[in-house]
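Engineer: First, the structure itself, so that you have it in front of you.
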Amino acid sequence: MSTPTTGQALTLSDLIAPHLPYLRRYARALTGAQQSGDTYAASTLEAILADPSCFNAESVGGKVALFKVFHKLWSSSGQPVAELDDGPRARALQHLASLTANTREALLLNTVEAFSVSEVADVMEISADEAARLIQLARDEMQQSVSGKIMIIEDEAIIAMDLEGICSMMGHEVTGIARTHKAAVKLGLEEKPDLILADIQLADNSSGIDAVADLLEELGDVPVIFITAFPERLLTGERHEPAFMIAKPYVPDQVISAISQAMFFSSTDTLTS
């Protein structure tokens, strides 16, 4: 999409397009799956096209306005997503439903999407004090809810050590750290993790995406969080995409939030709650 020239009025598409990859990321983190997250994002666009007046970018900015429309739809749908049949994933959704209302949303908006507390309040149409309370409550509830085994695929030693420290602080067990595609597959098959944290570019110039794909062929449905400096490149809609991502450079709260979300939606039976 071309950038409007100086003095040219911005179209609705110009105001929305830069923020759409991040709305899709957020929707997937809430629902725990690519398809259901994208359905919510598409419904948001349809709502704006049907009634452009609901997208009030002039007063709050394009990203806040877009997420605000999403939240109205999300709140009216009953949350979190359509119920599933019996199984670990269904039990995870039941667990999510037991959390204090709106805490996950507030935490994700603040930590993953980098909205300020006042912007979270605008998106969710609540007071700033309530937004701050929900964010803190989410941290407390989610960190205490589940623990499991996490595998780290990261070639930068400092980042790997930082991620390991965050995981351990949260009460999770780190099964190991792999720096290459080959090492990642070997480590993952030796001890099945409950969650994988994976960088995109590995030490031998191999792909973390390919390493994860090979692992999932053998391990089945294990949640994955990708770490990348360019999250929008994984949100093109052109191929199977991860539900959870954190961008480099990250802050610990972003990692904590992403891990907590992914653990909630894990389909493994080894997590303890």
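The values are calculated or read from the model by the stated rules, or taken from the named source; none is laboratory data. Everything numeric in this text was worked out from a predicted model, so none of it was measured. Methodologically, a virtual Cβ is constructed for each residue, glycine included, from the backbone with ideal geometry; neighbour enumeration extends over all protein chains shown. Just the protein is used for accessible areas: all its heavy atoms, side chains included, with ligands, DNA and RNA removed. Shrake-Rupley method; radii C 1.70, N 1.55, O 1.52, S 1.80 Å.
Engineer: Regarding ILE166, is this residue at pLDDT 90 or above, among the aliphatic types (A, V, I, L, M) and assigned to a strand (DSSP E or B)?
Structural biologist: no
Engineer: Something else: So ASP85 clears everything in (1) at pLDDT 90 or above; (2) open to solvent by 40 Å² or more (accessible area, probe 1.4 Å); (3) more than 22 Å from the chain's Cα centre (by Cα) except one condition, right? Which one?
Structural biologist: (1)
Engineer: Out of all the residues in segment 238-264, which are open to solvent by less than 10 Å² (accessible area, probe 1.4 Å) and either modelled with pLDDT under 65 or of a type in the set (Lys, Arg) (or both)?
Structural biologist: The one that is open to solvent by less than 10 Å² (accessible area, probe 1.4 Å) and either modelled with pLDDT under 65 or of a type in the set (Lys, Arg) (or both): GLU241.
Engineer: Follow-up. Anything in segment 188-206 that is open to solvent by 30 Å² or more (accessible area, probe 1.4 Å) and touching a residue at least 24 places away in the same chain (Cβ under 8 Å)? List them, or say none.
Structural biologist: Scanning segment 188-206 gives LEU189, GLU191, LYS192, ILE200, GLN201, ALA203, ASP204.
Engineer: Of all residues in segment 139-161, count the ones that are free of Cβ contacts under 8 Å to residues at least 40 places away in the same chain, surrounded by fewer than 19 Cβ atoms within 10 Å (Cβ to Cβ) and closer than 19 Å to TYR250 by Cα.
Structural biologist: Total satisfying the criteria: 3.
Engineer: Restricting to segment 52-61, what's the tally of residues that are surrounded by fewer than 18 Cβ atoms within 10 Å (Cβ to Cβ) and outside any helix (DSSP H, G or I)?
Structural biologist: Qualifying residue count, segment 52-61: 2.
Engineer: Then there is this: Just to check your reading of the model, which residue among LEU45, LEU30, LEU20 is at pLDDT below 85, in contact with a Leu (Cβ under 9 Å, 6 or more places away or on another chain) and not hydroxyl-bearing (Ser, Thr, Tyr)?
Structural biologist: Selected residue: LEU30, the only one of LEU45, LEU30, LEU20 that is at pLDDT below 85, in contact with a Leu (Cβ under 9 Å, 6 or more places away or on another chain) and not hydroxyl-bearing (Ser, Thr, Tyr).
Engineer: Related question: Every residue in segment 118-138 that is surrounded by fewer than 18 Cβ atoms within 10 Å (Cβ to Cβ) and in a helix (DSSP H, G or I), please.
Structural biologist: Scanning segment 118-138 gives SER118, ALA128, ASP129, GLU130, ALA132, ARG133, GLN136, LEU137.
Engineer: State which residue is surrounded by the fewest Cβ atoms within 10 Å (Cβ to Cβ) when the search covers only segment 22-51 and only residues that are among the aromatic types (Phe, Trp, Tyr) and touching a residue at least 60 places away in the same chain (Cβ under 8 Å). Spell out how you get there, then give the answer.
Structural biologist: Here is the first cut: in segment 22-51, the ones among the aromatic types (Phe, Trp, Tyr) are 22, 26, 40.
Pick out the ones that are also touching a residue at least 60 places away in the same chain (Cβ under 8 Å) and you get 22, 26.
Working: TYR22: 21, TYR26: 26.
So, considering only residues that are among the aromatic types (Phe, Trp, Tyr) and touching a residue at least 60 places away in the same chain (Cβ under 8 Å), the one surrounded by the fewest Cβ atoms within 10 Å (Cβ to Cβ) is TYR22.
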